[in-house]
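These notes concern the structure reproduced below.
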Amino acid sequence: AEELSVGPGAPGIGHSPDQLMDLYGWLSNALPTAHPYQQIRAMPAGESIPELWLLGSSAVSAQYAAELGWRYCFAHFINQDGGERFLQFYRDNFEPSPIVPEPEGAVGVSATVAETDEEAEHLSWSRWAWRLKSRLGLAQGGIPSPEEAKAYKYSEPELDFIAYSRHQSGYGSPGHVADRLTAVAER
C-alpha cells in the first residue's frame, strides 16, 4: 500500500476517531452503559442502522474510513486534488468491519449544467469566485452572482486559481458534463 503522510491531522479533527466511534455505537445501540449518549434514542427507530459513509477530502479521512471499515466518499467538490490517490489508499488499507465487508467508494462532485457550454461557464463564475474567497477567508458575504464574480478585479495569483478551478470543474452542456463525470468515475 502507498504511504500517505497524514500527520497530526487538520486543526479541530483530533477527536474525530472518537466521535466516529460514538456515532457508530449510538446508531448500533452498542454504547457502554455509562456513556453520556447511551440513553438518547432516534425516533422513529428503524430495524437497521443507516449505511455509514465518511465524506472526506484528505488522506486523514481516507485513513479513518479504511481503519474503521466504513464506506468512503471523496469530496471532489471541496478538493479536486488527490482523490484517485486517497481512494486507492482507502481500498488498499481497508479493514473489513461488521457493517462493511469490502471497501465501497464514491466521489462527490459539483457540476454546473446549462443548455450551452457558454451559459454553464457564465454560471460557474459564482462557484469559482466563492471558492477563491473561501480560500482567502473572505466568504462571509455569500456566493456572488456571476456578474459580480466576473466584475471583480483579480490579482495574477487569483486569476491563476480561477484558471485552475476552471480546469478542475465540471461545467457545460448536459453531454459535456456527462462525459466529464464519466471520466472522473472511471479514474
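Some notes on this structure:
- The residue that is nearest to Arg166 (Cα to Cα), among those in the stretch 123-152 that are open to solvent by less than 90 Å² (accessible area, probe 1.4 Å) and of a type in the set (S, T, N, Q), is Ser124.
- Hits in the stretch 78-106 (condition: hydrophobic (A, V, I, L, M, F, W, C), closer than 30 Å to Ser126 by Cα and either surrounded by 18 or more Cβ atoms within 10 Å (Cβ to Cβ) or at pLDDT 95 or above (or both)): Phe86, Leu87
- Hey, Val107 under 29 Å from Gln168 (Cβ atoms) and under 18 Å from the mean Cα position of the chain (by Cα) or not: yes
- Hey, Ser58 within 30 Å of Leu181 (Cβ to Cβ), modelled with pLDDT under 80, surrounded by 16 or more Cβ atoms within 10 Å (Cβ to Cβ) and not basic (Lys, Arg) or not: no
- Subset tally (residues that are closer than 18 Å to Ala114 by Cβ and of a type in the set (Asp, Glu)) for the stretch 132-187: 2
The values are calculated or read from the model by the stated rules, or taken from the named source; none is laboratory data. Please read these numbers as outputs of a predicted model, since none were measured by experiment. Note: ideal-geometry Cβ built from the backbone for every residue, glycine included; neighbour counts use all protein chains shown. These accessible areas exclude ligands, DNA and RNA; they are computed on the full protein's heavy atoms, side chains included. Shrake-Rupley method; radii C 1.70, N 1.55, O 1.52, S 1.80 Å.
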